[in-house]
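Colleague: Got a structure for you, questions after.
The values are calculated or read from the model by the stated rules, or taken from the named source; none is laboratory data. No experiment lies behind these values; they were computed from the predicted model shown. Cβ: placed from backbone, ideal geometry, glycine included. Neighbour counts: every protein chain shown.
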Amino acid sequence: MSAALEVDGLSAGYGRGDIVHDLSITADAGEIVTVIGPNGAGKSTMIKAIAGVVRPSRGRVRVGGADLAGLAASEIARRGVAYVPQEANVFRQLTVAENLAIGAWTDPAHAVERRERVHALFPDLARFAGARAGTLSGGQRQMVAFGMALMVEPSVLLLDEPSAGLSPVIAEQMFDTIRSVNETGIAILMVEQNAIRALGISHRGYVMAAGQVALADTAQAILASDEVSELYLGSRR
Amino acid sequence: MNAQFIVNGIVNAALIAPPAIALSLLFGVLRFPNFAIGGYITAGAFIAYAANVEAGLPLWLAGAIAMAGTALLVWLSDEIVFKPMRGSDPVTLLVVSIALTFIIEHVVRLIYTADVRGFDLPLQRPYRFGDIRITQEQIELLVLAVVIGIAVHALLAYTRIGKAIRATADNPMLAEVRGVSTAQVIMATWFIAGALFGLTGVLAGLDLVIEPLIGWNLTIPIFAAAILGGIGSPYGAMLGALMVGLAEELTILVLPSTYKLGVGFIIIAILLLIRPHGLLGTPEIRK
């Protein structure tokens, strides 16, 4: 069986040379895969290149067997890839309900049933349906961002630092949610600073350095590795 | 006497409001101040003039042709001028748009000279309500402005393309990754704005006179209204138009009417000093 997401030989950057070099990773349906690495390793660039926000200079991004590398971000979204950026991940001027509706943009016929599922997962989003997203707290906004991505009913979910800027309690809830969403069979590729917590809910992990994969292993093995903990998990351990 | 100034101010506002809304929509999606609006409005006025006076069509039909023709011209100006420069610095695009307005204006002048013209309409006495006089055209102008305000609101709040425009104005990258095609949103916005500029040309030709500078003379009050309301906020633009329209007319009470044109500049200057994001706009948060 082919992986839900298969990235092969990907290189990408912002015009002045590539930041990500010849990178290959995979994520299967029902799998959570976390990518860790120091700042500047190219983690965000990688995730943006998969989503089509940054145009890859080389390589393939296969989703469900089809190569999406080089397509417009809106077209990649249409093929079932939902990317949640780290910042500016909601429409601040739009209401929570309108934000969710845009999540189902490519498939408006199913918006109502999907909204009910998202509301079941995040009951607060039903309560704040009429509020502008920009007026919500950081944790609530993150829920809107996450709920909007689920409205896509994606086969692949790309999360860039989902716990960034959240209080420890809210971050904990976010990781629980990621795990329960994953149980529905979505492949989740996540970049995360909170490496211990993220790897704790992941099946596999990659360590990225200087735009390349430095290590690929099961999440447990990465957590147990002395070398990795010294280099990247550091004082958090 | 003063009531007449208020009526004139409201009529003035009704003329400024639709293009201010259009400018606000354009800025929200394209993120640069487009000074070509003067040229677009002039083009709208002369297309209507050609259809009404030269081709002998009734004014309502000439107006519809002007709206469609200007929308097409505005879209073409994007295809030829702005599209190849997408992503350029806003100041560069601003200068380019000023050049574009001169080009459109002078093409019109080449064909029609600088003569002052008017639509083919029977002269009518203004209606009188006590001391207040108002013409048939001014009443039509008021009604149209209200209808356009409601229509733009309905478009933005309830239609799929309206929601796409708001989402793209709010967060273009996120809209794109949720499947909203930025290219389609930009095209729709140019067409909607173009139709509103074309209509403004017709209405300005009704209320004032038709000449190549008709659009340029409206440019500053339109910008003042859009900035006053918070540029990128169409509802703010309606409020801004009302305030600029009244301010311009009421200035005549205390200053010679030649200073009327300066009012827009003064409003822009004061706003940029004390509330740069306008009345209803939101300040941009940058990290």
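Colleague: Out of the stretch A:81-108, which residues are hydrophobic (A, V, I, L, M, F, W, C) and under 28 Å from residue A:61 (Cα atoms)? Reasoning before the result, please.
Modeller: If we filter the stretch A:81-108 for residues that are hydrophobic (A, V, I, L, M, F, W, C), which is where we start, we get A:81-82, A:84, A:88, A:90-91, A:94, A:96-97, A:100-102, A:104-105.
Matches in the stretch A:81-108: A:81, A:82, A:84, A:88, A:90, A:91, A:100, A:101, A:102, A:104, A:105.
Colleague: Hey, can you tell me all the residues within the stretch A:75-94 that are facing chain B (nearest Cβ under 7 Å) and over 22 Å from residue B:231 (Cβ atoms)?
Modeller: To start, the set of residues in the stretch A:75-94 that are facing chain B (nearest Cβ under 7 Å) comprises A:77-78, A:83, A:85, A:88-89, A:91-94.
Within the stretch A:75-94, A:77, A:78, A:83, A:85, A:89 qualify.
Colleague: Within the stretch B:104-149, which residues are assigned to a loop (DSSP other than H, G, I, E, B), out of contact with any Ser or Thr (no Cβ under 7 Å at 6 or more places or on another chain) and closer than 17 Å to residue B:59 by Cβ?
Modeller: Initial filter on the stretch B:104-149 (assigned to a loop (DSSP other than H, G, I, E, B)): B:113-116, B:118-126, B:130-131, B:135.
Now restrict to residues that are out of contact with any Ser or Thr (no Cβ under 7 Å at 6 or more places or on another chain): B:113-116, B:118-123, B:125, B:130-131, B:135.
B:118, B:119, B:120, B:121, B:122, B:123, B:135, listed by residue number.
Colleague: Let me ask something additional. As an exercise: evaluate residue A:41 against (1) in contact (Cβ under 8 Å) with a residue 12 or more places away in the chain; (2) in a loop (DSSP other than H, G, I, E, B); (3) under 19 Å from residue A:146 (Cα atoms); (4) small (Gly, Ala, Ser) and give the number of the one condition it does not meet.
Modeller: (3)
Colleague: Let me ask you something else. Within the group B:108, B:147, B:185, which residue is away from every other protein chain (no Cβ under 14 Å) and in contact (Cβ under 8 Å) with a residue 60 or more places away in the chain? Break it down into steps so the answer makes sense when it comes.
Modeller: Values: B:147 fails: in contact (Cβ under 8 Å) with a residue 60 or more places away in the chain; B:185 fails: away from every other protein chain (no Cβ under 14 Å).
Matching residue, one of B:108, B:147, B:185: B:108.
Colleague: For residue A:207, only one of the following conditions fails: (1) assigned to a helix (DSSP H, G or I); (2) at pLDDT 90 or above. What is its number?
Modeller: Residue A:207 satisfies every listed condition except (1).
Colleague: Residue B:247 - would you say it is aliphatic (A, V, I, L, M), in contact (Cβ under 8 Å) with a residue 60 or more places away in the chain, at negative phi and surrounded by fewer than 24 Cβ atoms within 10 Å (Cβ to Cβ)? If you could, list the steps in order and put the result at the bottom.
Modeller: Details: aliphatic (A, V, I, L, M): yes; in contact (Cβ under 8 Å) with a residue 60 or more places away in the chain: yes; at negative phi: yes; surrounded by fewer than 24 Cβ atoms within 10 Å (Cβ to Cβ): yes.
Criteria met by residue B:247.
Colleague: Which condition breaks for residue A:69 when tested against (1) away from chain B (no Cβ under 13 Å); (2) hydrophobic (A, V, I, L, M, F, W, C); (3) without any contact (Cβ under 8 Å) to a residue 40 or more places away in the chain?
Modeller: (3)
Colleague: Counting just the residues of the stretch B:147-198 that are of a type in the set (A, V, I, L, M, F, W, C), surrounded by fewer than 18 Cβ atoms within 10 Å (Cβ to Cβ) and more than 21 Å from the chain's Cα centre (by Cα), which one comes out farthest from residue A:144 (Cα to Cα)?
Modeller: Going through the qualifying residues, I end up with B:183.
Colleague: Among the residues of the stretch A:71-89, which ones are at pLDDT 90 or above and either assigned to a loop (DSSP other than H, G, I, E, B) or out of contact with any strand residue (DSSP E or B) (no Cβ under 9 Å at 6 or more places or on another chain) (or both)? Can you show your working first?
Modeller: So in the stretch A:71-89, the residues at pLDDT 90 or above come out as A:71-86, A:88-89.
Of everything in the stretch A:71-89, those that are at pLDDT 90 or above and either assigned to a loop (DSSP other than H, G, I, E, B) or out of contact with any strand residue (DSSP E or B) (no Cβ under 9 Å at 6 or more places or on another chain) (or both) turn out to be A:71, A:72, A:74, A:75, A:78, A:79, A:80, A:85, A:86, A:88, A:89.
Colleague: Has the stretch A:121-135 got any residue that is touching a strand residue (DSSP E or B) at 6+ places or on another chain (Cβ under 8 Å), more than 12 Å from chain B (Cβ to nearest Cβ), touching a residue at least 24 places away in the same chain (Cβ under 8 Å) and over 21 Å from residue B:162 (Cα atoms)? Talk me through it step by step, then tell me what you get.
Modeller: Keep residues of the stretch A:121-135 that are touching a strand residue (DSSP E or B) at 6+ places or on another chain (Cβ under 8 Å), which gives A:129-133.
Next, only the ones that are more than 12 Å from chain B (Cβ to nearest Cβ) stay: A:129-131.
Now narrow it down to the ones that are touching a residue at least 24 places away in the same chain (Cβ under 8 Å): A:129-131.
Going one step further and asking which of them are over 21 Å from residue B:162 (Cα atoms), we end up with none.
No, the stretch A:121-135 has no match at all.
Colleague: Determine which single condition residue A:20 fails, assuming it passes every other condition in (1) surrounded by 22 or more Cβ atoms within 10 Å (Cβ to Cβ); (2) within 14 Å of another protein chain (Cβ to nearest Cβ); (3) not in a loop (DSSP other than H, G, I, E, B).
Modeller: Residue A:20 satisfies every listed condition except (2).
Colleague: Something else now. Could you figure out which of (1) touching a His at 6+ places or on another chain (Cβ under 6 Å); (2) surrounded by fewer than 17 Cβ atoms within 10 Å (Cβ to Cβ) isn't true of residue A:211?
Modeller: Of (1) touching a His at 6+ places or on another chain (Cβ under 6 Å); (2) surrounded by fewer than 17 Cβ atoms within 10 Å (Cβ to Cβ), only one is false for residue A:211: (2).
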